[in-house]
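Note sheet for the following structure.
The values are calculated or read from the model by the stated rules, or taken from the named source; none is laboratory data. Since we're looking at a predicted model, the values are computed, not measured. Cβ: placed from backbone, ideal geometry, glycine included. Neighbour counts: every protein chain shown.
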Amino acid sequence: MKKIFLLEEKKFYYRDGTDGENVEDIDIIGYFSTKEIVSTAINKCINLGMKKEELVCSEYDFNTKKQKYVYILFYEYSIKDERGYTDYFYKFQPQTNKKKCMQLKEELLKKDFYMPNKNKIFDDFTDRGFSIRKIMIDTMIAGAVYAKK
């Protein structure tokens, strides 16, 4: 496998003038090994009622053979202000194993943006906002798919 494809459903609402970030809902549909499998997944999503224009495919270099899973590092936190809570969510390039995600996390923690501060609220299941998820390749993620039925 030389490439891996991420299929997501992205619902864009607006661009936040305060921080310049998009306000959107993003659901991961899955990571796939070929464009043909992505096309099949897109058709299944459309049949479940998802809008074609909200299905977005991203391509990543992924040099490995016979990989059954990808490991994804996520960074998420909330900030509370007078308007309530604002959630921030970031995911990084898929990795071939958990160790690589851990190394990436340690590198990111050296950067000011990812360092904990008094304004960031982290979920208990994370390590300073970071979590790693193991996702099976060529399988649609149930949460994104079954929620549409």
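Of all residues in the range 13-29, those satisfying the criterion of being part of a strand (DSSP E or B) and in contact (Cβ under 8 Å) with a residue 24 or more places away in the chain are ILE26, ASP27, ILE28, ILE29. Taking the numbered list (1) at pLDDT below 95; (2) loosely packed, with under 13 Cβ neighbours inside 10 Å; (3) of a type in the set (Gly, Ala, Ser) in turn, SER33 passes all entries but (2).
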